[in-house]
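Step one of this worksheet: look at the structure below.
The values are calculated or read from the model by the stated rules, or taken from the named source; none is laboratory data. Computed from a predicted model, the values in this text were never measured in an experiment. Counting neighbours? That spans all protein chains shown, and the Cβs are built from the backbone with ideal geometry, glycine included.
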């Protein structure tokens with residue numbers, strides 16, 4: 001029995017929660033339009049694109065994700081977008097007013113990246129007779145995969161923060177300094193480690209779906 005079943009959260013309720021988050025993201029996008037804030041528009045827009053990936057993968061490639069995985073992905077991008085919008089009446093967004101918000105979103109987003117990396121690597125291993133990935137190697141692979149992605153993301157944040165004002169884009173992604181970057185990478189690693197240690201059994205169906213796609217060409 002997984003955590004969702006123990007909490008009594010049915011698949012229908014999970015889909016409903018994901019749908020509510022999607023509706024809220026649309027609302028936040030219009031808040032960005034009303035405020036004229038590029039950061040909100042970009043972050044909510046990207047979030048809305050990301051949450052279309054599960055249905056797109058199922059429709060175009062036959063790769064299915066259960067309601068829990070869809071909610072997991074949606075929650076990750078939703079919480080990031082909420083952090084850029086903030087609470088009504090507050091001059092600060094959640095990233096600036098709640099010290100742990102950035103850690104939460106980095107850890108959750110990293111767990112999604114870790115899940116994607118693991119599921120793909122495991123499916124390739126099952127599909128190919130020439131590839132064998134021992135469990136210890138897979139653990140290290142997940143951590144390194146997320147770490148590499150995290151470094152890429154930090155470089156992207158730095159680049160966008162630097163060139164954004166040149167194009168009049170305002171603040172899209174914010175860099176708070178070297179210490180913040182190091183904390184981001186630490187919490188990325190924590191999110192990856194949680195998936196590597198306890199999350200892989202929950203990805204078996206996704207692995208099977210990707211494997212079937214590889215075998216069917």
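Would you pick out the residues in the range 188-207 that are closer than 29 Å to residue 59 by Cβ and free of Cβ contacts under 8 Å to residues at least 12 places away in the same chain? Scanning the range 188-207 gives 201, 204. Inclusion of residue 159 among residues that are out of contact with any helix residue (DSSP H, G or I) (no Cβ under 8 Å at 6 or more places or on another chain), at pLDDT 95 or above and in a helix (DSSP H, G or I) is not warranted.
Here residue 112 passes the criteria (1) modelled with pLDDT under 95; (2) under 20 Å from residue 18 (Cβ atoms) except the one numbered (1).
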